[in-house]
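This report concerns only the one structure given below.
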Amino acid sequence: MPISGTPSRAELVDHLIRTHIAGDVATPRENNLDHYRKLANGDRHYWLGLELGDRWTDEQDVLAVMAERCGVNDDPEHRFGQDTIDPELTVAGLERMAARLRKAAAGKERVLFATGHPGGLLDVHRATAGALRDAGCDIVVVPDALYADEGVVFQFADVAMLERGATLWHTHSPEPMNAVLDGLERAGLAAPDLVVADHGWAGRAGQRGVDSVGFADCNDPALFLAEAEGTVQVTVPLDDHVRSPRFYDPLTAYLLDAAGLTPS
């Protein structure tokens, strides 16, 4: 049954499993392990804007962190088939993120929202930005004429994204976040106090010393490693592109309620 209003913790866990946001997820095990291996081998596409140096060169170490922080199967011999995200870890991540949002609201902070996954997570970010604005936060407006990766940084409903060829782009690149932070500096504007994002937007913000919280799928290990190292403050594990964006609505409601924020 659809959830109306704010779900309880148990209701949200059940919803996450039913919609495959967590539990048995669509991303196959072999894809997860392939990405862990490529990150460990130094492929920067999988570093999501972070500088991991030589600290994560063993894919088994990456797997161990992903099992602990995301809930994937911890058996290194499980090479193919189904993999998982632990819904309890998803909810725990939302509660950690809510604590940081509560701090932002209390301090009337400047907050930047961005997504590399506009097809899935745009409305989660939009609703959170609106609630923080209503609480007195300053939602950062990105400067005009910012370019990255043969596209333009485009802000819609308070959320920065990459637009290329009149299409909102799914991107893991850190370059759009570089463009925003550099553009703010050139304009004489302060950096955000907090970035709420995903993919390379979240990773590069954290790498550049901005408080960063974000969402990440089980095949995107870099942000989980960054949280383990303290470069990113919170990483919430979830499938970041399920069948309907509306499936994320109960998750957003739970997040805002836990943060003491009223939906706008």
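The values are calculated or read from the model by the stated rules, or taken from the named source; none is laboratory data. In this text the structure is predicted, and so the values were computed from the model without any measurement. No Cβ is skipped: glycine too gets one built from the backbone with ideal geometry, and neighbour counts run over all protein chains shown.
With respect to Phe154, determine if the residue is over 21 Å from Leu223 (Cα atoms) and of a type in the set (Phe, Trp, Tyr). It is true that Phe154 is over 21 Å from Leu223 (Cα atoms) and of a type in the set (Phe, Trp, Tyr).
Scanning region 72-95 for residues that are acidic (Asp, Glu) and in contact (Cβ under 8 Å) with a residue 40 or more places away in the chain, which turns out farthest from Pro28 (Cα to Cα)? Selected residue: Glu95.
For Val152, the criteria (1) part of a helix (DSSP H, G or I); (2) surrounded by fewer than 23 Cβ atoms within 10 Å (Cβ to Cβ) hold in every case but one, which is (1). Hey, among Gly209, Gly183, which residue is surrounded by fewer than 19 Cβ atoms within 10 Å (Cβ to Cβ) and without any contact (Cβ under 8 Å) to a residue 24 or more places away in the chain? Result of the check over Gly209, Gly183: Gly209. The residue of region 228-258 that is surrounded by the fewest Cβ atoms within 10 Å (Cβ to Cβ), among those that are among the charged types (D, E, K, R) and in a helix (DSSP H, G or I), is Arg246.
Of all the residues in region 38-57, those that are assigned to a helix (DSSP H, G or I), over 17 Å from the mean Cα position of the chain (by Cα) and touching a residue at least 24 places away in the same chain (Cβ under 8 Å) number 1. Restricting attention to region 6-21, and to residues there that are in a loop (DSSP other than H, G, I, E, B), touching an Asp or Glu at 6+ places or on another chain (Cβ under 7 Å) and not hydroxyl-bearing (Ser, Thr, Tyr), which single residue is surrounded by the most Cβ atoms within 10 Å (Cβ to Cβ)? Filtering region 6-21 for residues that are in a loop (DSSP other than H, G, I, E, B), touching an Asp or Glu at 6+ places or on another chain (Cβ under 7 Å) and not hydroxyl-bearing (Ser, Thr, Tyr), the one surrounded by the most Cβ atoms within 10 Å (Cβ to Cβ) comes out as Ile21.
With respect to Gly71, determine if the residue is surrounded by fewer than 16 Cβ atoms within 10 Å (Cβ to Cβ) and not in a helix (DSSP H, G or I).
Criteria not met by Gly71.
Inside region 22-39, residues that are buried (at least 21 other Cβ atoms within 10 Å of the Cβ) and small (Gly, Ala, Ser) make up a count of 1. The residues listed here are Leu194, Leu225; of these, the one that is within 20 Å of Gly130 (Cα to Cα) and either surrounded by fewer than 24 Cβ atoms within 10 Å (Cβ to Cβ) or over 10 Å from the mean Cα position of the chain (by Cα) (or both) is Leu194. Here is a list of conditions, (1) modelled with pLDDT of 95 or more; (2) surrounded by fewer than 17 Cβ atoms within 10 Å (Cβ to Cβ), and Gly165 meets all of them except one; can you say which number that is? Of the numbered conditions (1) modelled with pLDDT of 95 or more; (2) surrounded by fewer than 17 Cβ atoms within 10 Å (Cβ to Cβ), the odd one out for Gly165 is (1).
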